[in-house]
1. What is the dipole size for the chain, taken about its Cα centre, with +1 at each Lys and Arg Cβ and -1 at each Asp and Glu Cβ, in debye to the nearest 20?
2. Report the far tail of the P(r) of region 78-136, meaning the percent of Cα-Cα pairs longer than 14 Å.
3. Any chance you could run the full-extension gain for residue 167 through residue 16? It's 0.36 nm times the residue separation minus the Cα-Cα distance, nm to one decimal.
4. How much length is gained if the chain between residue 69 and residue 26 is pulled fully straight, taking 0.36 nm per residue apart and subtracting their Cα-Cα distance, in nm to one decimal?
5. To test your reading of the geometry: what angle, between 0 and 90 degrees and rounded to tens, separates the Cα axis of helix 161-180 from the longest principal axis of the chain?
6. Just want the answer: with Cβ charges of +1 for Lys and Arg and -1 for Asp and Glu, which residue in 59, 108, 36 is farthest toward the dipole's positive end in the chain?
7. Summing Lys, Arg as +1 and Asp, Glu as -1, what charge do residues with Cβ under 13 Å from the Cβ of residue 41 carry, residue 41 excluded?
8. Let me check against my output: what whole-number percent is the relative contact order of the chain, with C-alpha pairs under 8 Å and at least 6 apart?
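Read-outs: derived from the displayed coordinates by stated rules, not from any lab. Predicted, not measured: the structure shown is a model, and the values here were computed from it. Here Cβ is always computed from backbone atoms with ideal geometry, including for glycine, and neighbour counts include all displayed protein chains.
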Amino acid sequence: MKTYEFSIIASGLDPQEDDFEARFYDAGCDDATIAFQKGRIIVEFAREADSVDAAIASAVECVVAAGAHVDRLEPDPLVNLSDMASRTGMTRAAMSQYSKGQRSQDFPPPVARVTSDSPLWEWATVAKWLFQHGKLTREAAIEAEAMRLANAAIQAREPRLRETLQRRLKGYEASLEKAAA
């Protein structure tokens, strides 16, 4: 088993209630730290599981069992060049060169703040590109895609998160294999 670290951003419970933290612990969030920041419940997990989709799905199930509404997962799916550098262990300068096509071609385009001095990229897309160019592990690319898929499923209110993640990640893993071949 591996330990996966991520946060669930949630709402719907009063942090002033006496049993606020106990509700999460009793619901199975004993591997998480609970905080309340900027009007949101932050549940930071270090969850052991056989796979990233199992870790995410079981954590979401526990937060819902505590009575909270899951809003999204983090780390944030949108990243700037500094975030990319931090997540990959590369320098910001290297990421900037990739984004400008100076180190390689076809780097994914930004998806937000495109005309600003600090555009944002979708991390899962960048992670896949980095994997395909030998700069990121397959596992890191899969974890990035799992977060993207989980957030999309949560936003769409998919009733069966675990099955949705398993099915979609299986297809994603197959596409990674095909691209690597």
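1. Working: 22 positive and 28 negative charges, 235 e Å.
Once rounded to the nearest 20, the dipole reads 1120 debye.
2. Percent of Cα pairs beyond 14 Å in region 78-136: 50.
3. Answer, rounded to one decimal: 50.4 nm.
4. 13.8 nm
5. Roughly 20 degrees between the two axes.
6. 108
7. -2
8. 20 percent
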